[in-house]
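Just so you know, all these numbers are worked out from the coordinates, no wet-lab data involved. Computed from a predicted model, the values in this text were never measured in an experiment. Glycine gets a Cβ as well: all are built from the backbone with ideal geometry, and neighbour counts include every protein chain shown.
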Amino acid sequence: MNQQELEQQIKEANIAYSAGIPFITDAEYDLLWQQLFSIDPDNDLLYHTAQDRTALTGLSWHKQQIFGTQKAFNMTDLKPFLTRFGDQELFIEPKYDGCAAVITHTKKGIAITLEGDGRCGKDVSHMMPYIRIPFTLRNFQAVEIVLPVDEWNPEFGKNPRNVVAGWLARKYDAPGSMMTAVPHNFGDLRESYFYNGDVDAMSEMLLKLHTEWSAIYPIDGLMIKVADEKMRLVAGNNGTTNAWSIAWKPPIQVKETTVVNIEWNVSRLGRVIPTVVYEPIDLCGTINSRVTGNNARWINEHNIHIDAKITVGKAGEIIPKIIKVKPATPYNQPLLIDVCPTCGEPLYVEGVHLICNGEECIAKKIVSIAYFYSAKGIKIDGIGEQTIEKLLNNRKCYDVLSKKPWALLDCLSYDIIDEVLDTLGTVIVTNLLTQIAQVNNTKHMAHFIAGLGLPSVAYKTALRLCQFISTGVLSIHIHQKAKMSFSQGALMFSDAQKEMKNFSFTKLPSTAKAIYCVTGALSRSRDEMVEWLSLQGYEFSTGVTRETNYLIVGDDPGKTKIAKAERYNIPQITEAQLLNLLKEN
């Protein structure tokens, strides 16, 4: 469907909604919305039905304008909102699947007007006898008129929202049932939430609330709002949508299934992580049979055992989550373990986790060594967990790699080349040696230390501390734990440099002249710009942080990066100003 066809369909749907007679479901409308958004994200039709003034004939004006809401169809869409407001208290509320309306006190009494286009709506006050209002009215109250789930009868029609709209459109006939008005922003169904950066925990919480609330009212998503009403006033709106709220609306499915097993896997830090295995179910178009069990304490508290009934939910691209557990019997015990599934060493409890402290635990070493060769460290694609596992089954490889994971960079110097050839074969080893040759003298000390996976030392922290050794200048705060880990990594790097004769590290990059971020389209591609500026001594950052020196603003810039730059007082410059800056320097 091309843009013109999408615009026409959305325009017709907007007119029908403004008139109080929607002819498609909210889910069908969202599909059209997403298609148009992917083509033209700034299209006026996306943000409120107010854009077509032909829908306003014969309607009543609201005392205040009702603004629409931003939409997030996955956690990626939600990220800009969380970046801006995630450090504040948030409210989670249902996004009711009914007819939006406004209840207003007038000189003649209480009036109920459909939201319409946000400025005008159809007066349905004559339906007041058929609408429950189970809350104290404010002078001007935005509400949703819905039919509660336990009062729904399939004989009414196919879709609760459209049925309610049809009833409200009647002039004389009574509806098939009493309807209920639920208030926006001040309803009983509300959850306070503080986002701590854990996207998985938030997605699990959203799924849980959606499951609970959809059993009470028809809903088509959740509303996430800034709790502080003063902050709402500061955030304001862009003329069509409120900046302080967003609707979370991925496709959501929830099904019940039966637990058949729990698998336990050891992480590189020794945590023994449970995976719940269940009878396969179809969720959002994919067959699922496994889900994370979070941690050992969670398994114990929820009494997860074989034959327990669990409710699993999935929202869009989010991995499945266990929403509810119904034990098979109250006497079954959860499937906990007390020894490491890999090395057999006794496990001990640390916080919510079971921990393996076995020095010889091969599972920990496999994950840890593979991490060194991942994109977090040296990055050699051919050295993954399966390859490492094969190598560690060789005693000599185990003795060397378990202590010096970097030894594969120079098998000759560490005298394991014959063992590696015997284990992996000539073809695979030839390919690995080719990849190692390609990274030889291209990686530096920070890559090495970051690949060790030491606590609190990722690449950027390692790079800053490496540069600090050279310059004595540290531009950001580094936690003491990271400094201690870095010292340990620096000693290992020194040993590796002395021991390896056939692999070299390049010198550290100089401290960046400036750290920059880009928003919007520039005259050249993003990759070309990053490569070019790196040659000029500038460092690219994917997001705006307090450490960023410049935000380069191109065409159609992102609102989130602009807002963060303003919050942190970071200069915003155009591409032309950037070129002038380079000439001056």
Legend entry - Degrees, to the nearest 10: 526-535 long Cα axis against longest axis of the chain: 40
Legend entry - Whichever lysines have a C-alpha closer than 17 Å to that of Lys390, once near sequence neighbours (fewer than 8 apart) are set aside: Lys364, Lys365, Lys403, Lys404
Inset, instruction - Subtract the Cα-Cα distance of Asp40 and Asp555 from 0.36 nm times their separation in residues, and report this length gain in nm to one decimal. - result: 184.0 nm
Inset, instruction - Could you work out how far apart the two model spin labels at Asp282 and Val339 are, taking each label as a point 7 Å from the Cα in the direction of the beta carbon, and quote it in nm? - result: 4.4
Legend entry - Base-10 log of normalised Debye intensity for segment 514-584 (one unit scatterer per alpha-carbon) at q = 0.16, 0.19, 0.21 Å⁻¹: -0.48, -0.70, -0.86
Legend entry - Estimated FRET transfer efficiency when R0 is 22 angstrom, pair Ile216-Leu137 (beta carbons, to 0.05): 0.55
Inset, instruction - Quote the relative contact order of the chain in percent (integer), defining contacts as alpha-carbon pairs under 8 Å separated by 6+ residues. - result: 9
Legend entry - Potential lengthening between Lys396 and Asp418 on full extension [0.36 nm per residue; Cα-Cα distance subtracted]: 6.9 nm
Legend entry - Proximal charge balance of Gly270 [Cβ under 13 Å; K/R count +1, D/E count -1]: 0
Legend entry - Label-point separation in nm, Ala514 to Lys379, each point 7 Å along Cα→Cβ: 2.5
Inset, instruction - Sticking with the crude label model, points 7 Å out along Cα→Cβ, report the distance from Asn153 to Gln65 in nm, one decimal please. - result: 4.3
Inset, instruction - For log10 I(q)/I(0) by the Debye sum over Cα atoms at q = 0.07, 0.09, 0.11 Å⁻¹, several values are listed as (1) -0.44, -0.73, -1.08; (2) -0.60, -0.93, -1.20; (3) -0.52, -0.76, -1.01; flag the one computed from this structure. - result: (2)
Legend entry - Exposure proxy order (Cβ contacts within 10 Å, fewest to most) of Asp123, Asp410: Asp123, Asp410
Inset, instruction - Find the relative contact order for segment 3-248 and round it to a whole percent, using C-alpha pairs within less than 8 Å whose residues are 6+ positions apart. - result: 27
Inset, instruction - Would you mind ranking Ile428, Ile388 by Cβ crowding within 10 Å, fewest neighbours first? - result: Ile428, Ile388
Inset, instruction - Can you tell me which of 489-500, 189-200, 238-249 comes out highest on packing, and rank the rest after it, using the mean Cβ neighbours within 10 Å? - result: 238-249, 489-500, 189-200
Legend entry - Cysteines in the chain that, by Cβ-Cβ distance, have no pairing candidate under 4.7 Å: Cys99, Cys120, Cys284, Cys397, Cys411, Cys466, Cys517
Legend entry - Charge tally in the Cβ shell below 12 Å around Leu454, where Lys, Arg are +1 and Asp, Glu are -1, Leu454 excluded: +4
Inset, instruction - Go ahead and run the numbers for FRET between Lys498 and Thr542, Cβ-Cβ distance against an R0 of 41 Å, rounding to 0.05. - result: 0.70
Inset, instruction - Subtracting the Cα-Cα distance from 0.36 nm times the residue separation, let me have the gained length for Lys230 to Asn441 in nm, one decimal. - result: 70.4 nm
Inset, instruction - Could you work out the local net charge near Glu350, counting Lys and Arg as +1, Asp and Glu as -1, over the other residues with Cβ closer than 12 Å to its Cβ? - result: +2
Legend entry - Cα radius of gyration and Dmax for segment 332-468 (Å): 17.0, 58
Legend entry - More than 20 angstrom apart: percent of Cα pairs within segment 452-553: 50
Legend entry - Expected-Rg normalisation [2.2 N^0.38 Å, Cα atoms] applied to segment 362-427: 0.99
Legend entry - Reduced Cα scattering model of segment 396-494, Debye log10 I(q)/I(0), q = 0.10, 0.12, 0.13 Å⁻¹: -0.35, -0.49, -0.56
Inset, instruction - Neighbouring Cβ atoms within 10 Å as the yardstick, rank Thr342, Thr69, Thr471, Thr25 fewest first. - result: Thr471, Thr25, Thr342, Thr69
